[in-house]
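In what follows, a single structure is set out as structure tokens and then discussed.
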Amino acid sequence: MKPIFFKPAYKNVIWGGTNISKIFKRNIIGDNIGESWELSAHPNGLSEIKNKELNRANLLELFSDQKRRKEIFGKHCENMDKFPILIKFIDANKKLSIQVHPDDEYAKKNENDSGKNEVWYVMDCKDDAKIIYGFKDNVTRKNLKDAINDIENNVRYLEVHKGDFISIPSGTVHAILDGILICEIQQSCDVTYRVYDWNRLDKSGKPRETHVQKALDVINLENNEKIQNYNDITSNISIYKSDVFNIDMMKVDGIKEEVSNEDSFYAYIILEGEGTVKTSDFENSINKGSTFLIPATLGKYTITGNLKMMKIWV
């Protein structure tokens, strides 16, 4: 067992930019890269596996290997029908559509997929950066259709800053606005109901499709936003717990000894700094933007350097 590294899947979109290439020092072709799927077993964007000894092309192939699933991904994943999480970077050079995601029950019935709860960590942003999160308090189920017809004036705009962490439960209307680079951890789902797209046109000169009726079915009007800032953490803390995945925020200053857990894999995202991850017979450099997976039965491993990172497990 060794730490597993991946090649991300990049998405060229009309609202994307060049920050993923610039900030993470990657050679990416294209000026409109909006998403980098760093850890994904979703068919719409598969993460290729760098570790040749695993003899698997991508994360989906590896997770589909029933003989090795428990060994690599842990007891909690043994009977899952798909890899549970998806980690991506989002470069909102321009504002994204106002959108909403279904919960598990609705998605299973109507999309043959899981629902989508997600969380955001703001890796960088302009000074006056904002997101859209939910509707204003005067919007009710009774007047929701009318509110959507004038949605720009009926949603809530919240300021965000570097280091902010925001939970976006399924059913929450939301949008990342321009000038924000985000790390997103979500359920492995690619179902998005676009409510409003700012009247813009795609490459063919046509408006992008919206899904207002489905959005009306799943919108939850409760506003449960909790923006926490973790820009200056000095210790390791738990920042998110759910039935789907859990997240710790971690700070490394020197050497940190860790041990894997047979219940679950650990996925790490490096948010700041540089260093190495090593075992008795393996060593690999890590830096801002690195994402890697610690197999459930790996055993002891060491992370060294000056690093700020998130650790995700199920």
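The values are calculated or read from the model by the stated rules, or taken from the named source; none is laboratory data. As the structure is a prediction and not an experimental result, all values here were calculated from the model. Methodologically, a virtual Cβ is constructed for each residue, glycine included, from the backbone with ideal geometry; neighbour enumeration extends over all protein chains shown.
A compact table of results
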item: Subset tally (residues that are buried (at least 18 other Cβ atoms within 10 Å of the Cβ) and within 20 Å of Glu184 (Cβ to Cβ)) for region 265-287; result: 8
item: Considering residues of region 177-193 that are within 23 Å of Thr18 (Cα to Cα) and more than 13 Å from the chain's Cα centre (by Cα) only, the residue surrounded by the most Cβ atoms within 10 Å (Cβ to Cβ); result: Ile180
item: Tally of residues being crowded, with 19+ Cβ neighbours inside 10 Å, in a helix (DSSP H, G or I) and in contact (Cβ under 8 Å) with a residue 24 or more places away in the chain across region 63-86; result: 3
item: Tally, over region 1-51, of residues that are more than 23 Å from Lys278 (Cβ to Cβ), within 18 Å of the chain's Cα centre (by Cα) and among the acidic types (Asp, Glu); result: 1
item: Failed criterion for Arg194 (all others in (1) part of a strand (DSSP E or B); (2) within 26 Å of Leu181 (Cβ to Cβ); (3) outside the structural domain of Trp37 (by TED's automatic domain parsing) hold); result: (3)
item: Selection count, region 121-159, where residues are more than 20 Å from Glu35 (Cα to Cα), in a loop (DSSP other than H, G, I, E, B) and out of contact with any strand residue (DSSP E or B) (no Cβ under 7 Å at 6 or more places or on another chain); result: 10
item: Selected residue (only one of Gly171, Gly115 is assigned to a loop (DSSP other than H, G, I, E, B), crowded, with 17+ Cβ neighbours inside 10 Å and on the phi > 0 side of the Ramachandran plot); result: Gly171
item: Single residue of region 12-29 satisfying the filter (polar (S, T, N, Q) and assigned to a loop (DSSP other than H, G, I, E, B)) that is farthest from Ala175 (Cα to Cα); result: Asn27
item: Some residue of region 241-248 being touching a residue at least 40 places away in the same chain (Cβ under 8 Å), of a type outside the set (A, V, I, L, M, F, W, C), in the same structural domain as Ala92 (by TED's automatic domain parsing) and surrounded by fewer than 20 Cβ atoms within 10 Å (Cβ to Cβ); result: no
item: Scope region 206-227; condition loosely packed, with under 14 Cβ neighbours inside 10 Å and either under 30 Å from Gly254 (Cα atoms) or under 18 Å from the mean Cα position of the chain (by Cα) (or both); matching residues; result: Lys226
item: Residues of region 30-56 classified as touching a Ser or Thr at 6+ places or on another chain (Cβ under 6 Å), in contact (Cβ under 8 Å) with a residue 60 or more places away in the chain and assigned to a loop (DSSP other than H, G, I, E, B), total; result: 2
item: Condition met for Lys162 (assigned to a strand (DSSP E or B) and either assigned by TED's automatic domain parsing to the domain that holds Ile247 or modelled with pLDDT of 95 or more (or both)); result: no
item: Residue match in region 76-83 (condition: of a type in the set (S, T, N, Q) and either under 25 Å from Ser290 (Cα atoms) or in contact with a Phe, Trp or Tyr (Cβ under 9 Å, 6 or more places away or on another chain) (or both)); result: no
item: Subset of region 211-248 (residues that are acidic (Asp, Glu) and modelled with pLDDT of 95 or more); result: Asp217, Asp248
item: Cβ-Cβ under 6 Å pairs, at least 6 apart or on other chains, region 186-207 side among the aromatic types (Phe, Trp, Tyr), far side surrounded by 11 or more Cβ atoms within 10 Å (Cβ to Cβ); result: Tyr193/Val100; Tyr193/His211; Tyr193/Lys214; Tyr193/Ala215; Tyr196/Ile98; Tyr196/Ile151
item: Subset of region 248-267 that is part of a strand (DSSP E or B) and small (Gly, Ala, Ser) - its residue that is farthest from Ile87 (Cα to Cα); result: Gly254
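Conditions (1) within 17 Å of Ile72 (Cβ to Cβ); (2) under 22 Å from the mean Cα position of the chain (by Cα), marked per residue:
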| position | (1), (2) |
| --- | --- |
| Val259 | yes, no |
| Ala267 | yes, yes |
| Ile270 | no, yes |
| Thr279 | yes, no |
| Ser285 | no, no |
